[in-house]
Amino acid sequence: MVSAATLERPASALPAGSALDLRHVSHAYQLKGEPLPVLDDVSLTAAPGEFVALLGPSGCGKSTLLRLVAGLEPPARGELFVDGAPVTGPDPSRVVVFQDPTLYPWRTVWRNAALGLEARGLLKSQRGRVDAALTLVGLDGFASAYPHQLSGGMAQRAALARALVNEPRLLILDEPLGKLDSLTRIAMQGELVRLWQRQNFTTLLVTHDVEEALLLATRVVVFSPRPARIRAEVPVDLPYPRHRDDPRLVELRREVLALLGVGDATG
Amino acid sequence: MSTSLPLTDEAPLALRWPAVWWSGLLAAAAWALAAYVTHHFPDQSEIVEWTQTGNFAVAQALVAAAFLLLAFTARLIPPLFRRVQGLGPWFVALGLFLAAWQAVTAKFSLLPMPFFVPPQQLIEVYQDDWVRLGESVLASLWLLARGYALGAGIGFLVGLGLGWSPRFGYWAHPVMRLVGPLPATAWLPLAFFLFPSSASASTFLIALATGFPVAVLTWSGVASVNPDFYDVARTLGAKQRFLVLKVAVPAALPHVFVGLFMGLGASFAVLVVAEMLGVRAGLGWYLSWAQGWAAYGNMYAALLVMALMCSGLITLLFKLRDRLLSWQKGVVKW
Ligand SMILES: Nc1ncnc2c1ncn2[C@@H]1O[C@H](COP(=O)(O)OP(=O)(O)OP(=O)(O)O)[C@@H](O)[C@H]1O
Ligand SMILES: [Mg+2]
């Protein structure tokens with residue numbers, strides 16, 4: 001029996017979370033020959049171990065921002081630093097859980113989760129980490145299943161396990177719980193907080209769900225419609241575990257919804 | 001499986017004795033008919049004498065007897081019954097076909113005689129000429145194996161290069177567009193002239209015929225890989241080599257197999273033509289040799305062997321694909 005504790009880093013390791021520093025980042029895509037501005041002068045910092053949630057209207061540029069932080073694309077303007085060093089490309093210490101699970105259909109769940117270790121040549125010595133991550137997301141019974149045999153929510157959890165196996169110092173989550181049913185979702189939110197508290201990695205979470213952002217994050221960043229600008233940063237000064245009917249949380253929720261321009265709809 | 005439903009095929013014996021396999025009984029009748037036609041009517045042998053007519057009649061009668069036995073016993077042995085059950089109508093049709101074939105050729109000469117041969121003549125060919133036929137099969141297989149392996153290997157690498165490297169594509173793409181669609185057989189005269197031996201020339205031609213579809217489909221397979229697959233691997237620390245071997249190749253494999261399948265079909269065509277025109281061995285050569293001697297029986301015999309060989313090779317390819325692509329939903333059964 002492999003316990004989730006295998007995933008915890010040794011006490012002597014580096015400071016667990018990365019420091020993140022975005023300075024005046026702007027980005028644009030080419031769409032039919034026209035430049036499409038997506039990010040407009042975004043400056044954002046995150047201290048090591050912080051849990052930052054990003055909220056914004058659909059299509060405003062949140063996923064794009066995550067791609068830049070992951071190092072998958074260079075920004076059109078501005079600079080990104082992680083632990084003081086400029087981001088020049090992807091690095092396994094910064095792991096992304098994408099909006100789509102994008103599991104490899106030709107690999108079993110276990111081999112999908114093992115992807116990062118295999119890519120870095122660590123699989124032989126650290127197989128136990130894969131089992132531990134699958135246990136953590138509740139997929140230990142599906143290790144030998146293929147992705148087409150999973151439900152949408154299970155695929156999302158497999159993608160989460162694939163990220164966690166790599167002991168990220170910065171975990172980048174793009175609506176990772178978007179496809180889960182509400183019960184699994186609540187359970188996974190709890191797991192995510194516990195995991196974050198235990199390992200203390202820095203977390204960047206994109207979500208559409210205001211309540212989820214307030215339940216999980218230490219700070220909520222609200223973006224404008226495309227091109228995304230930071231409209232407000234809302235610190236969430238509440239102890240964990242949080243409760244959705246906490247009066248302070250309800251108050252913050254109203255505040256954030258107002259920033260998103262839908263304050264009246266929920267009264 | 002189910003023991004609780006008394007009205008199924010596997011009902012308790014006591015309820016349904018005698019348990020007859022009806023299509024087995026029909027098959028026995030059909031084969032008996034074939035044996036009867038073969039034995040009862042005299043051969044119309046003005047042109048050829050068939051030495052195996054008697055033996056063939058006996059063989060068909062034995063098959064009929066075997067079906068008769070099976071008809072009454074197969075249901076008692078469930079594993080055997082499961083195997084033969086679905087084939088019943090085919091056994092019947094085969095017996096009827098043999099009877100009709102016998103009648104219209106050897107017995108009543110309804111089809112022009114030297115061109116259409118009765119089944120017993122095929123048996124004669126296999127009996128008298130099996131050594132040469134066997135050697136021809138081996139020669140064909142060996143030539144095909146060399147050309148196909150070479151073409152599939154190079155085609156795969158070229159396709160990978162086209163899909164992966166723009167610099168390689170810059171040079172290879174125009175060449176492929178011009179040369180690829182040309183049927184490999186068009187090179188035939190030139191190849192036999194340029195290459196030191198007809199064997200190496202044919203190997204080249206078969207490789208060419210195989211390589212083009214494999215290259216194009218590998219290329220399209222690599223080009224159509226979901227780009228997110230690369231992003232995932234890159235964020236997890238994968239380097240170029242890993243992206244090619246562990247992401248691009250497995251993702252493109254379903255396309256590659258379509259190319260391998262098309263290449264195999266093309267290679268058969270080139271094989272036969274090359275053997276008919278230049279190589280002095282193999283089934284293609286056997287066919288044209290038989291034609292030269294007006295040995296029509298040998299032609300049918302060789303055609304049948306060739307059909308079995310090609311079908312067997314395709315089956316082999318599909319088996320390999322089923323193994324490698326077992327993760328896919330709904331793979332076509334060959
Ligand atoms: N590769 C691309 N090429 C061109 N345009 C793109 C590309 N990727 C994204 N875009 C555009 O950039 C804008 C922002 O996209 P992005 O995926 O960052 O939005 P998002 O905030 O994550 O939205 P959602 O919440 O719906 O996921 C969209 O208008 C989209 O059309
Ligand atoms: Mg998005």
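The values are calculated or read from the model by the stated rules, or taken from the named source; none is laboratory data. Keep in mind it's a predicted model, so treat the numbers as computed, not measured. Every residue, glycine among them, receives a Cβ derived from its backbone with ideal geometry; neighbour counts consider all protein chains shown.
Under the condition of being more than 10 Å from chain B (Cβ to nearest Cβ) and over 13 Å from A:Glu167 (Cα atoms), which residue from segment A:112-127 is surrounded by the most Cβ atoms within 10 Å (Cβ to Cβ)?
Per the stated criteria, the residue is A:Leu123.
Which members of segment A:142-181 meet the condition of being within 16 Å of ligand 2 (Cβ to nearest atom) and either aliphatic (A, V, I, L, M) or without any contact (Cβ under 8 Å) to a residue 12 or more places away in the chain (or both)? Can you show your working first?
Step one: list which residues in segment A:142-181 are within 16 Å of ligand 2 (Cβ to nearest atom), which gives A:156, A:159, A:172-179.
Answer for segment A:142-181, where residues must be within 16 Å of ligand 2 (Cβ to nearest atom) and either aliphatic (A, V, I, L, M) or without any contact (Cβ under 8 Å) to a residue 12 or more places away in the chain (or both): A:Ala159, A:Ile172, A:Leu173, A:Leu177.
Would you mind stating whether B:Thr73 is within 21 Å of B:Tyr296 (Cβ to Cβ) and β-branched (Val, Ile, Thr)?
Details: within 21 Å of B:Tyr296 (Cβ to Cβ): no; β-branched (Val, Ile, Thr): yes.
Taking the combined requirement at face value, the residue does not satisfy it.
Pull up segment A:145-166, narrow it to residues that are within 11 Å of chain B (Cβ to nearest Cβ) and polar (S, T, N, Q), then point me to the one that is farthest from A:Pro92 (Cα to Cα). Let's see the steps before the verdict.
We begin by selecting, within segment A:145-166, every residue within 11 Å of chain B (Cβ to nearest Cβ); these are A:145-149, A:159, A:162-163, A:165-166.
From what's left, polar (S, T, N, Q): A:149, A:166.
Details: A:Gln149: 28, A:Asn166: 7 Å.
Within segment A:145-166, the match that is farthest from A:Pro92 (Cα to Cα) is A:Gln149.
Within segment A:80-101, track down each residue that is touching a strand residue (DSSP E or B) at 6+ places or on another chain (Cβ under 9 Å), more than 16 Å from ligand 1 (Cβ to nearest atom) and closer than 30 Å to A:Met154 by Cα.
A:Pro90, A:Asp91, A:Ser93, A:Arg94, A:Val95
Considering each of A:Arg169, A:Arg198 in turn, give the residue that is within 14 Å of chain B (Cβ to nearest Cβ), over 20 Å from A:Arg253 (Cα atoms) and away from ligand 1 (no atom under 16 Å from the Cβ). Give the derivation first.
Working: A:Arg198 fails: within 14 Å of chain B (Cβ to nearest Cβ).
From the options A:Arg169, A:Arg198, the qualifying one is A:Arg169.
Rundown of residues vs (1) hydrophobic (A, V, I, L, M, F, W, C); (2) under 30 Å from B:Val125 (Cβ atoms); (3) modelled with pLDDT under 85, yes/no style:
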site: B:Ala19; (1), (2), (3): yes, no, yes
site: B:Val63; (1), (2), (3): yes, yes, no
site: B:Trp90; (1), (2), (3): yes, yes, no
site: B:Ala93; (1), (2), (3): yes, yes, no
site: B:Ser109; (1), (2), (3): no, yes, yes
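Counting just the residues of segment A:203-249 that are within 18 Å of A:Arg67 (Cα to Cα) and more than 13 Å from ligand 1 (Cβ to nearest atom), which one comes out nearest to the other protein chains (Cβ to nearest Cβ)?
Among residues in segment A:203-249 that are within 18 Å of A:Arg67 (Cα to Cα) and more than 13 Å from ligand 1 (Cβ to nearest atom), the one nearest to the other protein chains (Cβ to nearest Cβ) is A:Thr203.
For A:Leu68, state whether it is touching a strand residue (DSSP E or B) at 6+ places or on another chain (Cβ under 8 Å), over 30 Å from B:Ser326 (Cα atoms) and in contact (Cβ under 8 Å) with a residue 60 or more places away in the chain.
The answer is no for A:Leu68.
Taking the condition of being more than 7 Å from chain B (Cβ to nearest Cβ) and under 24 Å from A:Thr207 (Cα atoms), how many residues in segment A:95-111 meet it? Explain how you work it out, then say what you get.
As a first pass, look at segment A:95-111 and keep what is more than 7 Å from chain B (Cβ to nearest Cβ): A:97, A:99, A:101, A:103, A:107-111.
So of that shortlist, the ones also under 24 Å from A:Thr207 (Cα atoms) come out as A:97, A:99, A:101, A:103.
Summing the residues that are more than 7 Å from chain B (Cβ to nearest Cβ) and under 24 Å from A:Thr207 (Cα atoms) in segment A:95-111 gives 4.
Only residues in segment B:48-75 that are under 19 Å from B:Val117 (Cα atoms) count as the first member; pair them with residues that are at pLDDT below 90 and of a type in the set (Phe, Trp, Tyr), Cβ under 9 angstrom, at least 6 apart or cross-chain, and list the lot.
Listed by first residue and then by second, the contacts come to B:Phe56/B:Trp50.
Among the listed residues A:Ser93, A:Ser58, A:Ser26, A:Ser43, which satisfies the condition of being surrounded by fewer than 22 Cβ atoms within 10 Å (Cβ to Cβ), among the polar types (S, T, N, Q) and within 16 Å of ligand 2 (Cβ to nearest atom)? Can you show your working first?
Values: A:Ser93 fails: within 16 Å of ligand 2 (Cβ to nearest atom); A:Ser26 fails: within 16 Å of ligand 2 (Cβ to nearest atom); A:Ser43 fails: within 16 Å of ligand 2 (Cβ to nearest atom).
Answer to the selection: A:Ser58.
If we keep just the residues of segment A:42-75 that are more than 13 Å from every other protein chain (Cβ to nearest Cβ) and assigned to a helix (DSSP H, G or I), which is nearest to ligand 1 (Cβ to nearest atom)? Lay out the reasoning, then the answer.
Just the residues of segment A:42-75 that are more than 13 Å from every other protein chain (Cβ to nearest Cβ), to begin with: A:42-62, A:65, A:74-75.
With the extra rule that they be assigned to a helix (DSSP H, G or I), the set shrinks to A:62, A:65.
Numbers: A:Lys62: 4, A:Leu65: 7 Å.
Filtering segment A:42-75 for residues that are more than 13 Å from every other protein chain (Cβ to nearest Cβ) and assigned to a helix (DSSP H, G or I), the one nearest to ligand 1 (Cβ to nearest atom) comes out as A:Lys62.
Among (1) within 16 Å of ligand 2 (Cβ to nearest atom); (2) in a loop (DSSP other than H, G, I, E, B), which single condition is A:Glu212 missing?
Failed condition: (2).
Looking for something of a type in the set (Phe, Trp, Tyr), outside the structural domain of A:Ala159 (by TED's automatic domain parsing), part of a loop (DSSP other than H, G, I, E, B) and crowded, with 19+ Cβ neighbours inside 10 Å - is there at least one such residue anywhere in segment A:221-228?
Keep residues of segment A:221-228 that are of a type in the set (Phe, Trp, Tyr), which gives A:223.
Still in the running and outside the structural domain of A:Ala159 (by TED's automatic domain parsing): A:223.
Narrowing the set further to residues that are part of a loop (DSSP other than H, G, I, E, B) leaves none.
No: segment A:221-228 contains no residue that is of a type in the set (Phe, Trp, Tyr), outside the structural domain of A:Ala159 (by TED's automatic domain parsing), part of a loop (DSSP other than H, G, I, E, B) and crowded, with 19+ Cβ neighbours inside 10 Å.
Of the residues that make up segment A:72-83, is at least one under 16 Å from the mean Cα position of the chain (by Cα) and under 17 Å from A:Val38 (Cβ atoms)?
yes
Run B:Trp285 past the list (1) within 14 Å of chain A (Cβ to nearest Cβ); (2) touching a residue at least 60 places away in the same chain (Cβ under 8 Å); (3) of a type in the set (Phe, Trp, Tyr) and report the number of the one that doesn't hold.
In the conditions (1) within 14 Å of chain A (Cβ to nearest Cβ); (2) touching a residue at least 60 places away in the same chain (Cβ under 8 Å); (3) of a type in the set (Phe, Trp, Tyr), B:Trp285 misses (1) alone.
Could we say that A:Val38 is touching a residue at least 12 places away in the same chain (Cβ under 8 Å), more than 15 Å from the chain's Cα centre (by Cα) and away from ligand 2 (no atom under 16 Å from the Cβ) here? Steps first, please.
Numbers: touching a residue at least 12 places away in the same chain (Cβ under 8 Å): yes; more than 15 Å from the chain's Cα centre (by Cα): yes; away from ligand 2 (no atom under 16 Å from the Cβ): no.
Spelling it out, it is not the case that A:Val38 is touching a residue at least 12 places away in the same chain (Cβ under 8 Å), more than 15 Å from the chain's Cα centre (by Cα) and away from ligand 2 (no atom under 16 Å from the Cβ).
Against the condition more than 16 Å from ligand 1 (Cβ to nearest atom), under 22 Å from B:Asp231 (Cβ atoms) and touching a His at 6+ places or on another chain (Cβ under 8 Å), how does A:Pro105 come out, does it pass? Spell out how you get there, then give the answer.
Numbers: more than 16 Å from ligand 1 (Cβ to nearest atom): yes; under 22 Å from B:Asp231 (Cβ atoms): yes; touching a His at 6+ places or on another chain (Cβ under 8 Å): yes.
Considered against the rule, which asks whether it is more than 16 Å from ligand 1 (Cβ to nearest atom), under 22 Å from B:Asp231 (Cβ atoms) and touching a His at 6+ places or on another chain (Cβ under 8 Å), A:Pro105 comes out as yes.
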